[in-house]
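In what follows, a structure is listed as structure tokens, so that the remarks can point back to it.
Every read-out reported here was derived from the displayed coordinates using simple, explicitly stated rules and does not represent laboratory data. Fair warning: this is a prediction, and the values are worked out from it, not measured in the lab. Heads up, the Cβs are rebuilt from the backbone with ideal geometry, glycines too, and the neighbour counts pull from every protein chain shown.
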Amino acid sequence: KHFPVRRRLRDLFSSSEKKAVHAVDDVHLTLRRGKVVALVGESGSGKSTVARLLAQLYPRTDGDIQLHGESTRVKGGSAFRGYAARVQMIFQDPFASLNPVHTIRYHLTRALQIHGHAGRTEADLEAALTDLLGRVSLTPPERYLDKFPHELSGGQRQRVAIARALGARPEALLADEPVSMLDVSIRLGVLNLLRDLKERLNLAILYITHDIASARYFADETMVMYAGRMVEGGDSETVTQTPAHPYTRLLIASAPDPDRLTGDLDPTEEDRGNGEPPSLIDPPSGCRFHPRCPAAMPRCSTDLPVPLTIGDAPGHWAACWLYDVPEGAGK
Ligand code: SF4
Ligand code: MG
């Protein structure tokens, strides 16, 4: 069973001067049930924008989102509600996404009611609440239901946010840096929970992260974004073990610890080497990475690279002129 979501968009957003900014361009991605796609990039790469567009939290000026092959563009009202239920977002900061004046019971009850899953009786509702908390391993439920968000740990709050998303009975979760604000020691537990839910509920997951090591651990497929464009994609093992794009290589080289989900996962600008990501108001011409790229050639500053197939791994591609060479001519 497929869960395709395709995006294509440009001319999105405005800065304070109302100048049009291409926050993301030419983004194509497909989510499938039972699979995790990681979207990796540093802050400002546009990856959160992609998630918010997919959640239809931002308007788009161009492009399309399809659900089960059907465009969502021409629909409104109840069709949108159907989409919103099927595609749920999980935010980076669970504290900000939960209302501090309401209990966990309130948050979960609201989600169930909005999506028509609260049942008809008090007992139905209690059973649904127990089920939701059980799915995210917050048991026994009575220990959590009447607590306020500030009475829980960060990891517990994120589990509540996940339970709330599950209250809609979604087919897809859009998880925007779901563990980056949590203590290092509990990140793996939350990622494992998401992986477990993916298996049990056959969910499609878009996993947004700046941490390419966690993408390898958690995602089936990995896409790398730079300055609002996708620069490389393929299965996670291939992209992380044999990266083709110079930017992906830089990301991997600057990851503090590729084998463990520990440490400060957002490298500082100095660690990234060779400058910082460009402004999207006036992105570099040609390949947007060319001002930082150790392999840049003359054409890189003028010609926008097209996605090119890399090697033998099926589906591996990179948008880089290094690979625009005749067979056997070397790189
Ligand atoms: Fe570097 Fe050129 Fe490839 Fe861009 S297209 S990543 S500048 S080699
Ligand atoms: Mg972000």
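Length gained on full extension, Glu199 to Met297: 30.8 nm, using 0.36 nm per residue less the C-alpha separation. The shape of region 46-187 comes out oblate: with a ≥ b ≥ c from the C-alpha gyration tensor, a/c is at least 1.5 while a/b does not beat b/c.
The ranking of Glu142, Glu232, Glu177 from fewest to most other beta carbons within 10 Å of each one's beta carbon is Glu142, Glu177, Glu232.
With r as the distance between the Cβ atoms of Ile281 and Glu237 and R0 = 30 Å, compute the FRET efficiency 1/(1 + (r/R0)^6) and round to 0.05.
Numbers: r = 36 Å, r/R0 = 1.21.
It comes to 0.25.
Calculate, for Phe148 and Ala96, the FRET efficiency according to 1/(1 + (r/R0)^6) with r their C-beta to C-beta distance and R0 22 Å; round to the nearest 0.05.
On the way: r = 14 Å, r/R0 = 0.66.
The calculated FRET efficiency here is 0.95.
Counting beta carbons within 10 Å around each of Cys293, Cys287 and listing the fewest first gives the order Cys293, Cys287.
Apply the a/c threshold of 1.5 to the C-alpha gyration tensor of region 36-323 and tell me whether it is rounded, prolate or oblate. Write out the running numbers ahead of the final one.
Details: a/c = 2.29, a/b = 1.74, b/c = 1.32.
Here region 36-323 falls in the prolate category.
For Arg249 and Arg120, the difference between the fully extended length at 0.36 nm per residue and the C-alpha to C-alpha distance is 41.0 nm.
Computed extension gain for Thr309 through Asp64, at 0.36 nm per residue and net of the alpha carbon distance, reaches 85.8 nm. Couplings 3J(HN,Hα) of region 215-223, computed from phi: 5, 4, 5, 10, 9, 6, 10, 10, 10 Hz, in residue order, whole Hz [Karplus 6.51 cos²θ - 1.76 cosθ + 1.60, θ = phi - 60°; x for Gly and Pro]. Ordering 153-166, 102-115 by mean Cβ neighbour count within 10 Å, with the highest value first, yields 153-166, 102-115.
Counting other beta carbons within 10 Å of each residue's own, what order do Thr121, Thr139 fall into, fewest first?
Working: Thr121 9, Thr139 12.
Taking fewest neighbouring Cβ atoms as first place, the list is Thr121, Thr139.
Distance between the 7 Å Cα→Cβ label points at Arg73 and Ser185: 5.1 nm. Let a ≥ b ≥ c be the square roots of the eigenvalues of the Cα gyration tensor of region 183-253; is it rounded (a/c under 1.5), or, if not, prolate (a/b larger than b/c) or oblate? Since a/c reaches 1.5 and a/b is larger than b/c, the shape of region 183-253 is classed as prolate.
Under a point-charge model restricted to the Cβ atoms of Lys and Arg (+1) and Asp and Glu (-1), what is the dipole moment magnitude of region 121-161 relative to its Cα centre, in debye to the nearest 20?
340
Dipole magnitude for region 36-323: about 800 debye, using +1 per Lys or Arg Cβ and -1 per Asp or Glu Cβ, origin at the Cα centre.
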